Amino acid sequence: MRLLHTSDWHLGRSFHRESLHDAQRAFLDHLVAVVRSEGVDAVLVAGDVYDRALPGLEAVAMFDDVLHRLADLGVPTVFISGNHDSARRLGVGAGLIGRAGIHLRTDPDGCAEPVLLADGHGPVAVYGLPYLEPTLVRERFGLAKGGHAAVLGAAMERVRADLAARPAGTRAVVLAHAFVTGGAPSDSERDIAVGGVASVPASVFDGVHYAALGHLHGCQTLAPHLRYSGSPLAYSFSEANQRKTMWLVDLAADGSVTAERVPCPEPRRLATLRGTLDELLTDERYAEHEQSWVQATLTDAARPSEPMEKLRRRFPHTLQLLFDPERGDAEPSLSYAARVSGRGDLEVAEGFLRHVRPGAEPAPDELGWLREGFERVRETTDRKADLPR
């Protein structure tokens, strides 16, 4: 059986305020084309369909469109809700939609109710485990306490119990949205540690033939049967060196798997550049990134004037600007407390103005307003101090 494993679409998300609507639509077009051209038997989407619990209308329209297109192909598709999704909203109409071969698994109580598929070698049970927030599902699994490992472990016990009651030779596939120990995170994933220790051991998935994982945005293999597809698009500059793909998984008669990566369309390259402003504006090494989305870290000792405007003349898609001055041994880095030690309030305020507007001295009117403001604060403080207690 040939499976296409993807996850973390985050429909509706932007990239540093740049709209990704067209890029996400291009990915969904690509997914449907791969299903058609590669003879895919089932599509697995391991959570975070949307970027937020209340998605915008454009995101909902994209999701609705791809559901119709997958249903028209007659290829069963299994979705689970992730930690970004509203499970209740994503699961609306699940029973009716399931008749079209689109299976939405968003209810923790349905963890042990698989989507049953079959090929020439027999049955394949596909179990969808939605994101399980420990504080919300402990009681439903009969647990008095415990974090992510405990609740996911309880869900998998139900899966193994159901599988044991099925005909011998039934192959098992699980979808889960979790942080499995050994996985490499990116900056764009939402922390799920609020409900306890975030990570779960890989051994929790013992007993199944393939675990299609979601949550981490980098494509990675923890074991031959345990893989993250990653997100189809980059959602942070920490993903600049990631190759965005889906997994095309072949499940053999004996339950063994082989998998290959299918590249996703790249709307624009990402580049993380570092150097002085003059270096970034003149060095020919950076010419290849002139049409990339750019994160620039300036190392100038003094903050340059209008750096973003100047950078965008060469790199029009500069989205993030950071400052990390390089200091020599003669100019050691000092803490903020050390830099302002011995200065009065007015001096500190003047220094702030000079810091945010390099090369420009505070105007006389500004200094007057600052002086008046500090005097009023002191007068108010003195009056309160004189009040009887």
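The values are calculated or read from the model by the stated rules, or taken from the named source; none is laboratory data. On a predicted model such as this, the values are computed, not experimentally measured, just so you know. Don't worry about glycine lacking a Cβ; one is built from the backbone with ideal geometry, like all the others, and counts go over all protein chains shown. Please note that ligands, DNA and RNA were not included when accessible areas were found on the heavy atoms of the full protein model with its side chains. Shrake-Rupley method; radii C 1.70, N 1.55, O 1.52, S 1.80 Å.
A few points about this structure:
- For segment 132-233: relative contact order, % (alpha-carbon pairs under 8 angstrom, 6 or more apart): 26 percent
- Only protein atoms count toward the accessible area here, which uses a 1.4 Å probe; on segment 141-234, the carbon and sulfur part of that area reaches 58 percent.
- Using the Cβ-Cβ distance between Leu54 and Gln291 with R0 = 41 Å, the FRET efficiency computed as 1/(1 + (r/R0)^6) comes to roughly 0.75.
- Based on C-alpha pairs under 8 angstrom that are at least 6 apart in sequence, the chain has a relative contact order of 13 percent.
- In terms of its alpha-carbon gyration tensor, segment 29-126 comes out oblate; a/c meets the 1.5 threshold, while b/c is at least as large as a/b.
- Dividing the summed -39500 (n - 2.57) terms of all DSSP H runs of n ≥ 4 by the residue count of the chain sets its mean residue ellipticity at 222 nm at -9000 deg cm²/dmol.
- Measuring nothing but alpha carbons in the chain and taking Rh as the Kirkwood radius, the Rg to Rh ratio lands at 1.11.
- Between Thr299 and Asp365, the FRET efficiency from the beta-carbon distance, with R0 = 51 Å, is close to 0.90.
- Computed extension length for Thr135-Ala253: 38.6 nm, one decimal, from 0.36 nm per residue of separation with the Cα-Cα distance subtracted.
- For Gly147, net neighbour charge (Lys/Arg +1, Asp/Glu -1) across residues whose Cβ lies under 12 Å away: +1
- Simple Cβ-charge dipole of the chain, Lys/Arg +1 and Asp/Glu -1, about Cα centre, in debye nearest 20: 880 debye
- DSSP beta bridges confined to segment 102-226 are antiparallel in about 30 percent of cases.
- Ordering of 1-14, 155-168 by burial proxy (mean other Cβ atoms within 10 Å per residue, highest first): 1-14, 155-168
- Charge-dipole axis of the chain as Lys and Arg at +1 and Asp and Glu at -1 on Cβ define it, positive-most pick from Val348, Pro325, Gly93: Gly93
- Segment 92-119-segment 219-289 distance, computed between alpha-carbon centres (Å): 30 Å
- Residues of the chain: accessible area per residue with a 1.4 Å probe, Å²: 50 Å²
- Estimated FRET transfer efficiency when R0 is 56 angstrom, pair Arg160-Asp64 (beta carbons, to 0.05): 0.95
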